[in-house]
Amino acid sequence: MIVIDDYVVSVIIAGFVIVIVILFSTFRRRKFGENDGGLIRTEVVRSSDDGDSGHIDVIVVGAGVAGAALAHTLAKDGRRVHVIERDLSEPDRIVGELLQPGGYLKLMELGLEDCVGDIDAQRVVGYGLFKDGKNIKLSYPLEQFTSDVAGRSFHNGRFIQKMREKTASLPKYILPFPSELLVRLEQGTVTSLLEEKGVVKGVQYKTKNGDELKAYAPLTIVCDGCFSNLRRSLCSPKVDVPSHFVGLILENCQLPFSNHGHVILADPSPILFYQISSTEVRCLVDVPAGQKLPSIANGDMAKYLKTVVAPQVPPEIYESFVAAVDKCNIRTMPNRSMPATPQPTPGAILMGDAFNMRHPLTGGGMTVALSDIPVASTINTLAGALYKVFCASSDDAHKEMREACFDYLSLGGECSNGPVALLSGLNPRPLSLVVHFFAVAVYGVGRLLLPFPSPQRLWLGVRLLTGAAAIIFPIMKAEGLRQMFFPATVPAYYRRLQVR
């Protein structure tokens with residue numbers, strides 16, 4: 001009889017708990033609103049105006065690669081995230097279309113690797129490097145990874161939308177009953193940060209309908225891209241524009257090396273080709289800042305591409321390149337470079353292109369956005385250094401450095417695997433970058449001194465070494481020597497907030 005009573009009591013208690021859970025789940029759904037099954041929400045989601053941050057744990061400004069991945073990761077940890085993005089329509093960009101293998105590994109780690117599925121993404125397993133009629137094929141060192149691990153190239157907008165959709169549909173579960181979605185994705189423009197006694201409490205933003213609203217949370221993460229309008233509130237930006245990219249799409253074009261990115265060491269600066277779908281190849285022509293950007297409207301750009309650039313592309317893609325120019329679907333964008341100069345502010349963090357930008361030559365931007373400090377510092381430094389080396393110059397020492405870099409990579413073995421591992425984000429060690437960079441310089445000096453050195457060649461070798469140091473050391477200094485080589489010693493905040 002006692003056993004039966006215990007059983008009855010257990011059933012009553014279990015039933016009571018289930019009823020409480022159902023009521024709580026229903027209340028939460030009504031309070032936050034029902035969702036339409038995982039589609040991106042663009043309607044207004046009204047936040048509390050009274051400063052109560054109890055319903056949102058983190059506000060994320062921007063839903064690009066960094067913002068969407070961060071919101072997804074935070075939500076998987078059980079945090080309630082409010083993402084505010086200025087434009088939720090599919091982006092249409094000419095960069096952010098190549099994800100290095102290191103970035104793909106990060107996607108797998110975050111559970112987002114399926115975001116490159118069903119968008120006609122192309123596998124990338126290495127690079128082809130072209131110079132003065134010569135070429136070398138460089139493969140990513142992927143032997144220790146599964147067959148699925150490789151780089152991916154795609155239309156940037158398709159990838160971003162897949163990430164947004166997956167993030168916005170991530171549900172919270174109070175077992176055994178599902179509750180509200182953890183991520184609230186809303187279209188709106190954040191106009192300012194809300195501060196109280198030096199601590200960021202939230203944001204003020206304007207919805208797509210023009211309503212001015214406020215959202216509050218203990219933490220606000222700003223990652224609204226290279227055109228961030230909040231950057232100056234959280235750092236001291238020093239933005240440089242070293243060049244412009246001129247973007248084209250070549251259709252039904254067969255590249256010399258399939259599933260490889262192509263870098264042409266042209267004059268005055270590099271040209272890039274890589275496949276972004278099964279039928280399209282992206283071409284990016286770099287125009288240095290010291291050279292006036294030709295006008296698209298009056299036809300000067302088309303003339304420049306046909307007369308200066310076209311003769312330097314591989315003959316296999318010459319006709320496709322000229323055909324793409326004739327279609328006049330030419331776009332340009334500035335390549336920005338901005339070292340990270342944070343002003344740590346309690347309650348807010350700056351991330352992504354809003355925080356730090358480097359030249360997109362190496363295609364490492366998305367990998368940096370998904371990675372930690374060592375990987376980011378290594379890729380950023382490599383991007384700046386390679387761009388300076390790959391650009392043409394009338395200086396004899398620079399010419400020797402450029403030629404030495406091409407020939408060093410041609411040696412194969414560790415001379416090619418090492419730099420490519422750095423480029424791909426598979427090797428995060430900045431010391432390896434420094435070693436290989438100066439190995440190229442020493443290799444160049446050795447070629448000058450053999451078989452017999454002369455005073456002129458010896459002086460040229462000295463200039464080559466000093467030129468190499470002048471390239472990489474300022475970049476490393478701007479990136480932060482402490483952040484690069486001793487990231488664990490960098491505190492979360494450099495200053496203590498003084499509040500009465």
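The values are calculated or read from the model by the stated rules, or taken from the named source; none is laboratory data. Only a predicted model underlies this, so the values are computations on that prediction, with no experimental measurement involved. So basically every Cβ, Gly included, is an ideal-geometry build from the backbone, and we count neighbours across all protein chains shown. Accessible surface is based on the protein model in full, side chains and every heavy atom, while ligands, DNA and RNA are left aside. Shrake-Rupley method; radii C 1.70, N 1.55, O 1.52, S 1.80 Å.
So, in the stretch 235-255, how many residues would count as being over 21 Å from Ser295 (Cα atoms) and part of a strand (DSSP E or B)? If you could, list the steps in order and put the result at the bottom.
The first filter runs over the stretch 235-255 and keeps only residues over 21 Å from Ser295 (Cα atoms), leaving 235-240, 251-255.
Subset that is part of a strand (DSSP E or B): 235, 240, 251.
Within the stretch 235-255, residues that are over 21 Å from Ser295 (Cα atoms) and part of a strand (DSSP E or B) number 3.
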Taking the stated definitions as given, is Lys162 farther than 23 Å from Gly425 by Cβ and at pLDDT 95 or above? no
Which condition breaks for Ala297 when tested against (1) within 30 Å of Ala488 (Cβ to Cβ); (2) of a type in the set (A, V, I, L, M); (3) assigned to a loop (DSSP other than H, G, I, E, B)? (1)
Could you give every pair whose Cβ atoms fall below 8 Å, whose first residue belongs to the stretch 447-472 and is closer than 10 Å to Ala397 by Cβ, and whose second residue is charged (D, E, K, R), counting only separations of at least 6 or pairs across chains? Leu448/Glu400; Leu448/Arg457; Leu460/Asp396; Leu460/Glu400; Arg463/Asp396; Leu464/Glu400; Gly467/Asp395
Scan the stretch 58-69 and report the pairs whose first residue is more than 17 Å from Leu230 (Cα to Cα) and whose second residue is assigned to a loop (DSSP other than H, G, I, E, B), with Cβ atoms within less than 8 Å and a gap of 6+ or a chain change. Val65/Gly96; Ala69/Leu112
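Being more than 25 Å from the chain's Cα centre (by Cα), over 30 Å from Asn356 (Cβ atoms) and not aromatic (Phe, Trp, Tyr) narrows it down to one residue among Lys292, Lys306; which is it?
Result: Lys306 is the single residue among Lys292, Lys306 that is more than 25 Å from the chain's Cα centre (by Cα), over 30 Å from Asn356 (Cβ atoms) and not aromatic (Phe, Trp, Tyr).
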Checking Ile296 against (1) open to solvent by less than 10 Å² (accessible area, probe 1.4 Å); (2) at pLDDT 90 or above; (3) aliphatic (A, V, I, L, M), only one condition comes out false. Which one? (1)
What's the total number of residues in the stretch 143-168 that are among the hydrophobic types (A, V, I, L, M, F, W, C) and part of a helix (DSSP H, G or I)? 4
Checking Leu370, Leu386, Leu411, Leu423 in turn, the sole residue that is farther than 19 Å from Pro474 by Cβ, of a type outside the set (Ser, Thr, Tyr) and out of contact with any Gly (no Cβ under 8 Å at 6 or more places or on another chain) turns out to be Leu411
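For every residue, the table says whether it meets (1) modelled with pLDDT of 95 or more; (2) under 19 Å from the mean Cα position of the chain (by Cα); (3) surrounded by fewer than 22 Cβ atoms within 10 Å (Cβ to Cβ).
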position	(1), (2), (3)
Leu193	yes, no, yes
Lys206	yes, no, yes
Ala215	yes, no, no
Asp224	no, yes, no
Asp240	no, yes, yes
Gly247	yes, yes, yes
Leu255	yes, no, yes
Ala266	yes, no, yes
Glu280	yes, no, yes
For the stretch 87-120, how many residues meet the condition of being open to solvent by 30 Å² or more (accessible area, probe 1.4 Å), part of a loop (DSSP other than H, G, I, E, B) and either within 12 Å of Ser424 (Cα to Cα) or touching a residue at least 60 places away in the same chain (Cβ under 8 Å) (or both)? 6
Which condition does Ala478 not pass, out of (1) over 30 Å from Glu196 (Cα atoms); (2) open to solvent by 90 Å² or more (accessible area, probe 1.4 Å); (3) modelled with pLDDT under 90, if it passes all the others? (2)
Of the conditions (1) closer than 27 Å to Thr362 by Cβ; (2) in a helix (DSSP H, G or I); (3) open to solvent by less than 10 Å² (accessible area, probe 1.4 Å), Val60 clears all except one; give me its number. (2)
What is the number of the single condition among (1) modelled with pLDDT of 95 or more; (2) more than 15 Å from Ile271 (Cα to Cα); (3) touching a strand residue (DSSP E or B) at 6+ places or on another chain (Cβ under 6 Å) that Ala354 does not meet? (1)
Is the stretch 228-237 home to any residue that is within 21 Å of the chain's Cα centre (by Cα), surrounded by fewer than 21 Cβ atoms within 10 Å (Cβ to Cβ) and under 29 Å from Val281 (Cβ atoms)? no
Just a yes or no: is a residue in the stretch 423-445 touching a strand residue (DSSP E or B) at 6+ places or on another chain (Cβ under 9 Å) and at negative phi? yes
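Please pick out the residue among Lys201, Lys172 that is assigned to a strand (DSSP E or B), surrounded by 15 or more Cβ atoms within 10 Å (Cβ to Cβ) and modelled with pLDDT under 95.
The conditions single out Lys172.
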Complete set of residues in the stretch 300-348 that are in contact with a helix residue (DSSP H, G or I) (Cβ under 8 Å, 6 or more places away or on another chain), surrounded by fewer than 20 Cβ atoms within 10 Å (Cβ to Cβ), of a type in the set (A, V, I, L, M) and more than 20 Å from Cys391 (Cα to Cα): Ala302, Val322, Ile330, Ala340
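With Ser278, Ser269, Ser258, Ser228 as the choices, which residue is without any contact (Cβ under 8 Å) to a residue 40 or more places away in the chain, among the small types (Gly, Ala, Ser) and outside any strand (DSSP E or B)? So that I can check it myself, show each step before the final result.
Working: Ser278 fails: without any contact (Cβ under 8 Å) to a residue 40 or more places away in the chain; Ser269 fails: without any contact (Cβ under 8 Å) to a residue 40 or more places away in the chain; Ser228 fails: without any contact (Cβ under 8 Å) to a residue 40 or more places away in the chain.
The unique qualifying residue is Ser258.
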Among the charged types (D, E, K, R), under 19 Å from Asp118 (Cβ atoms) and open to solvent by 30 Å² or more (accessible area, probe 1.4 Å): does that describe Arg158? yes
